[in-house]
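Remarks on the structure that follows.
Values in this text are rule-based calculations from the coordinates and carry no lab data. Note that the structure is a prediction, hence the values are computed from the model and not measured. So basically every Cβ, Gly included, is an ideal-geometry build from the backbone, and we count neighbours across all protein chains shown.
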There are 2 protein chains.
Amino acid sequence: MNISDFLSSIVPFTAAELKDILVHFKKESVPKNHTLVRQGEICKTLYFIEKGMGRSYYLNENGKEITQWFFGIGKFMSSVDSFFQQSPSLYYLEVLEDATLYSISKEDIDQLFAKYPKMEKMGRLVTIEMLTRVVNKLNAIQFQTAKERYDYMLTEFPDIAYHVPLGHIASYLGMSQETLSRIRKG
Amino acid sequence: MNISDFLSSIVPFTAAELKDILVHFKKESVPKNHTLVRQGEICKTLYFIEKGMGRSYYLNENGKEITQWFFGIGKFMSSVDSFFQQSPSLYYLEVLEDATLYSISKEDIDQLFAKYPKMEKMGRLVTIEMLTRVVNKLNAIQFQTAKERYDYMLTEFPDIAYHVPLGHIASYLGMSQETLSRIRKG
DNA sequence: GATTTCCTTTGACATAGGTCAAATAGTGTT
DNA sequence: AACACTATTTGACCTATGTCAAAGGAAATC
């Protein structure tokens, strides 16, 4: 999914607007396993994933990686809180396979928000969509059995579920790797 | 918390803008236990709580009420998804004590979004704040023990925790009423 | 293609928190 | 004050899922 198509699909920008907006995004190629942001750093960049996928995770008290979210093709990826509040990130952000990203800085996107109300609208709509997804996950985690949560994962991230290590998914779903392994068998 | 103070605290509206915006909000007094939206209905109104508190909940397979969120003084309350997508609400929305609300319709707020980029910005910021709160709850539910979740509740909704029935809080925290009762004792 | 390292599966056992049922305490209403 | 209703607490028991440990598989590196 191309970033320009993506933006147009949310809000009808004119060609001229799109051109002016895209100038602020930098295309980057990032290799598998590259870390974009570390826990404690301020996330200075918002990424759009044209190709590849990523995840956010943190280290719990025992130093174990806990996946917080997956980011697939055609989505924005960042440590949302850290980026928008410019506060230390609670999460690591990493790329799970070779990826093509478009990146934009906080200053630049704020400038775009200020210049184009449509851009502000885009931001609001994308955030609401994210909110809906997080609420869905919350419901899955709170009220569903381990098996049901895995099924939720398959519908929410069909492309991702089979391409990342089992442990990443297990921690994302709030269950042990062993349990997930048994479920997959089942 | 007054709605005009609230709006000003997020984005610096001019007096004239504020006046024009506030015209679209209708003040309402709503009695305790009043239901604002039912599961399956389209949520046509966004509410701002000046006084009182509310919650959203749904009925699970066994017909049990599961609290999904609490809304306190100085917050917007609605079935977010339903309101913004104008889709059937997954939740009931009810007022937990006599309340004073300011309500606005979808058409009116869309008009305001279109007229005032600052309003669009306000919407984006409020949504991001909500997103952060939901992520916090998600972390609490996913990784904390029942006891820790209750502590999270006390910091997130200090005003609410002591004023609503135990069962509402228990279902919100994803535990049985009995467990919460035992925790409160402990 | 051998070796090292990482990832997944399997088994045995432990436990937080669920469910059910009954008792107790509060609250509001005539 | 007595009644009805609702909310909370307590006890006994149960189960899904966690933890620990060890064995297999895959895949990356030399």
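Candidate cross-link partners of A:Lys147 among the lysines, defined by an alpha-carbon separation under 18 Å and a same-chain spacing of 8 or more, comprise A:Lys137, A:Lys185.
Order B:9-15, A:88-94 from most to least packed using the mean count of other Cβ atoms within 10 Å.
Numbers: B:9-15: 13.0, A:88-94: 20.7.
Highest to lowest by the protection proxy: A:88-94, B:9-15.
GNM remark for chain A: springs join alpha carbons under 10 Å apart, and the peak mean-square fluctuation among A:Leu36, A:Leu46, A:Leu18 falls on A:Leu18.
Roughly how crowded by other chains is peptide A:90-100, in terms of the mean Cβ count from those chains within 10 Å of each of its Cβ atoms?
That works out to 0 on average.
Counting from the shortest, the label point at B:Glu65, 7 Å from Cα toward Cβ, is 4.4 nm from the same position in each remaining copy. Within chain A, the selection of entire DSSP H helices by a Cα span of 27 Å or greater along the long axis and an average Kyte-Doolittle value of at least 0.0 returns A:117-143.
For B:Gly186, the distances from its label point to the matching points in the remaining copies are 2.6 nm, ordered from shortest, with each point set 7 Å beyond Cα toward Cβ. Rounded to the nearest angstrom and listed largest first, the equivalent-ellipsoid semi-axes of the protein assembly as shown from its Cα gyration tensor are 32, 30, 17.
Taking each residue of B:114-127 in turn, how many C-beta atoms of other protein chains fall within 10 Å of its C-beta, and what is the average?
Values: counts 2, 1, 1, 9, 2, 2, 9, 7, 2, 7, 11, 4, 2, 9.
Taking all residues of B:114-127 together, the mean is 5.
Using every Cα-Cα pair within chain A, state what percent have a distance larger than 24 Å. In whole percent, the long-distance tail amounts to 41.
Find the relative contact order for chain A and round it to a whole percent, using C-alpha pairs within less than 8 Å whose residues are 6+ positions apart.
Working: 298 pairs, mean separation 45.4, N = 186.
Computed value for chain A: 24 percent relative contact order.
Taking only C-alpha pairs under 8 Å that are 6+ residues apart, what is the relative contact order of segment B:69-133 in percent?
On the way: 20 pairs, mean separation 10.1, N = 65.
Worked out over segment B:69-133, it gives 15 percent.
Mean per-residue shielding of peptide A:24-32 is 0, counting Cβ atoms of other chains within 10 Å of each Cβ. The alpha carbon centroids of segment A:131-175 and segment B:105-128 are separated by 32 Å. Each copy carries B:Ala161; placing its label point 7 Å along the C-beta direction from Cα gives inter-copy distances of 3.7 nm, listed from smallest up.
Would you work out if segment B:49-93 is rounded, prolate or oblate? Take a ≥ b ≥ c from the square roots of the eigenvalues of the alpha-carbon gyration tensor; rounded if a/c is under 1.5, else prolate when a/b is larger than b/c, oblate otherwise. Don't skip to the end; give the middle numbers.
Values: a/c = 3.69, a/b = 1.31, b/c = 2.82.
Oblate, since a/c reaches 1.5 and b/c is not below a/b.
Projecting label points 7 angstrom from Cα along Cα→Cβ for A:Phe143 and A:Ile73 puts them 3.3 nm apart. Centre-to-centre, using Cα atoms only, segment B:35-95 and segment A:25-42 are separated by 38 Å.
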